[in-house]
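Worksheet for the structure shown next.
The values are calculated or read from the model by the stated rules, or taken from the named source; none is laboratory data. Note that this is a predicted model, so its numbers are computed, not measured. Cβ atoms come from the backbone with ideal geometry, glycine included; neighbour counts cover every protein chain shown. Side chains are part of the model used for accessible areas, which takes the heavy atoms of the whole protein and leaves out ligands, DNA and RNA. Shrake-Rupley method; radii C 1.70, N 1.55, O 1.52, S 1.80 Å.
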Amino acid sequence: MDESWLRKEIFPKFSRVLQRGEIYLANHSLGRPPDRAADDVRAAVDAWYRDLDGAWNAWLEAREKFRSLTAKLVGSPRADCIIPKTSAGQGLRAVLNSFVTKPKVVTSDGEFDSIDFILRVYREQGRIELKITPWQELSAQGADLVVLSSVMFRTGEIVKHLPRLIHDAHAAGALVLLDVYHHAGVLPLDLAALEADFAVGGSYKYTRGGPGACWLYVRPGLVEAMRTPDTGWFAKKDVFAYARPEPPEFGPGGDAWLESTPPVLAPFQALAGLELTLELGVDRIRRYNLEQKALLASLLPVDAGYMEHGAFVTLKHPNAVALCLKLEEQGVRVDARGEYLRLCPDMLNPSAELERAAATLAALLQQENMKR
Ligand SMILES: Cc1ncc(COP(=O)(O)O)c(C=O)c1O
């Protein structure tokens, strides 16, 4: 996979989004969609007009395809262990609500805002006990559930001691929920080998599927043993039989974690990006991303250790937000989280774009230095 091959084979699949004039380095935020995503959504909508409720077969087929492709991407041994959700937060809530007694939850201070907010609101409402520590110091002792990112969203740091952490959590009697939003599609991921109990992630960054196509993973065994009250008629045994046995009967395996009538277009948004990611292979995508990050880093004063990070390069600067706005004025799109300016190249960025972006940023940094 090199630039000339990508230009020939891959760029044409993105003709619509590549018409934009800017240098887009916010691929870690909202991934760029392939042209086919629009065609797939269009086909799903056409089926609705044409077939009305006859469209359900095609819609549910796409949902199942989304589950099995996602399972492949994240190392889930079974497709039904992937429960489609509209957000990562929705997945977290389904897990929190599944505890019958008030759970003790341990999390890090580096979690994404949605996850952090949900946990603190649950604490405020007396639904969980919550301990928040820096991720490097996280201990599962006394906890029922650990909630932790495998790649930190602000800095891109990879939590390296994850297998040990999960092993220790299990030894202490705790379950582990991983937020793999910045991991899936960026670095190889094998949730089964990691023995993660739960994971949440979604399609709108690295797998180019837009918002709304997210998922919860519940490991085999647990998916049958635990029940969540975040439920609805799609979780029932024989969904379309309309039977009401007492006690309520759930569908098999992970289908018991489904909910009410699902949003049907989300899987269609996500399929083309997921397929492309799997076709290219996460290993190859990672290798190319590392070459791009190395080029950017050679031209910028970025944080040491960037090669050990996820897909983006971080530059720590007190005026990161202002720098981000100035870059945008000059046609370079990045983003900032607090003091961290995040630049994420992807395979659609030719090296000339990276060189131009780095030169623009270097000039801005020099101006900042002169002001001080
Ligand atoms: C690490 C991480 N988790 C979760 C999310 C999204 O959470 P939600 O789907 O609940 O909005 C993001 C979005 O940027 C993220 O970076």
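Is the stretch 40-54 home to any residue that is open to solvent by less than 60 Å² (accessible area, probe 1.4 Å) and in contact with a strand residue (DSSP E or B) (Cβ under 9 Å, 6 or more places away or on another chain)?
no
Identify, please: which residue in the stretch 220-240 is among the small types (Gly, Ala, Ser) and assigned to a loop (DSSP other than H, G, I, E, B) and is, among those, surrounded by the most Cβ atoms within 10 Å (Cβ to Cβ)?
Filtering the stretch 220-240 for residues among the small types (Gly, Ala, Ser) gives 221, 225, 232, 235.
Then drop every residue that is not assigned to a loop (DSSP other than H, G, I, E, B), which leaves 221, 232.
Numbers: Gly221: 10, Gly232: 12.
Selected residue: Gly232.
Which condition breaks for Pro248 when tested against (1) without any contact (Cβ under 8 Å) to a residue 60 or more places away in the chain; (2) within 16 Å of the ligand (Cβ to nearest atom)?
It fails just one condition, (2).
Which count do you get for residues in the stretch 335-364 that are hydrophobic (A, V, I, L, M, F, W, C), in a loop (DSSP other than H, G, I, E, B) and open to solvent by 10 Å² or more (accessible area, probe 1.4 Å)?
The initial filter retains those residues of the stretch 335-364 that are hydrophobic (A, V, I, L, M, F, W, C), namely 336, 341, 343-344, 347-348, 352, 354, 357-359, 361-364.
Then drop every residue that is not in a loop (DSSP other than H, G, I, E, B), which leaves 347-348.
Still in the running and open to solvent by 10 Å² or more (accessible area, probe 1.4 Å): 347.
The qualifying residues number 1.
Is it true that some residue in the stretch 157-175 is within 11 Å of the ligand (Cβ to nearest atom) and either open to solvent by less than 50 Å² (accessible area, probe 1.4 Å) or more than 23 Å from Gly305 (Cα to Cα) (or both)? Let's see the steps before the verdict.
Within the stretch 157-175, the subset within 11 Å of the ligand (Cβ to nearest atom) is none.
Within the stretch 157-175, not a single residue is within 11 Å of the ligand (Cβ to nearest atom) and either open to solvent by less than 50 Å² (accessible area, probe 1.4 Å) or more than 23 Å from Gly305 (Cα to Cα) (or both).
Give just the number: which of (1) surrounded by fewer than 20 Cβ atoms within 10 Å (Cβ to Cβ); (2) within 25 Å of Glu279 (Cβ to Cβ); (3) within 16 Å of the ligand (Cβ to nearest atom) does Asp190 not satisfy?
(3)
If a residue has to be closer than 15 Å to Leu145 by Cβ and not in a strand (DSSP E or B) to count, how many in the stretch 98-115 make the cut?
First, pick out the residues of the stretch 98-115 that are closer than 15 Å to Leu145 by Cβ: 98-108, 111, 115.
Filter once more, keeping what is not in a strand (DSSP E or B): 98-103, 111, 115.
Adding up the residues that qualify gives 8.
Inside the stretch 196-244, can you point out the residues that are within 16 Å of Pro84 (Cα to Cα) and of a type in the set (Ser, Thr, Tyr)?
Matches in the stretch 196-244: Ser203, Tyr204, Thr207, Tyr217, Thr228, Thr231.
Matching residues to (1) under 30 Å from Glu224 (Cα atoms); (2) open to solvent by 30 Å² or more (accessible area, probe 1.4 Å):
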residue: Leu258; (1), (2): yes, no
residue: Glu279; (1), (2): no, yes
residue: Ile285; (1), (2): no, yes
residue: Asn289; (1), (2): no, no
residue: Pro301; (1), (2): no, yes
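Only one of Gly185, Gly212 is open to solvent by 10 Å² or more (accessible area, probe 1.4 Å), at positive phi and part of a loop (DSSP other than H, G, I, E, B); which?
Exactly one residue qualifies, and that residue is Gly212.
More than 14 Å from the chain's Cα centre (by Cα), more than 30 Å from Asp346 (Cα to Cα) and charged (D, E, K, R) - does that describe any residue in the stretch 196-214?
Here is the first cut: in the stretch 196-214, the ones more than 14 Å from the chain's Cα centre (by Cα) are 196-197.
Applying the additional criterion that residues be more than 30 Å from Asp346 (Cα to Cα) yields 197.
If we keep only those that are charged (D, E, K, R) as well, we get 197.
The answer is yes, given that some residue of the stretch 196-214 is more than 14 Å from the chain's Cα centre (by Cα), more than 30 Å from Asp346 (Cα to Cα) and charged (D, E, K, R).
Considering (1) out of contact with any helix residue (DSSP H, G or I) (no Cβ under 8 Å at 6 or more places or on another chain); (2) in contact (Cβ under 8 Å) with a residue 12 or more places away in the chain; (3) open to solvent by 10 Å² or more (accessible area, probe 1.4 Å); (4) within 11 Å of the ligand (Cβ to nearest atom), say which one Phe99 fails and leave the rest.
That leaves (4) as the condition not met.
Which residue out of Leu148, Leu130, Leu69 is at pLDDT 95 or above and within 16 Å of the ligand (Cβ to nearest atom)? Before you say what the answer is, go through the steps one by one.
Working: Leu130 fails: within 16 Å of the ligand (Cβ to nearest atom); Leu69 fails: within 16 Å of the ligand (Cβ to nearest atom).
Leu148 is the lone residue from the list that is at pLDDT 95 or above and within 16 Å of the ligand (Cβ to nearest atom).
Only one residue in Arg93, Arg123 is over 25 Å from Leu315 (Cα atoms) and free of Cβ contacts under 8 Å to residues at least 24 places away in the same chain. Which one?
On the way: Arg93 fails: free of Cβ contacts under 8 Å to residues at least 24 places away in the same chain.
Sole residue among the options that is over 25 Å from Leu315 (Cα atoms) and free of Cβ contacts under 8 Å to residues at least 24 places away in the same chain: Arg123.
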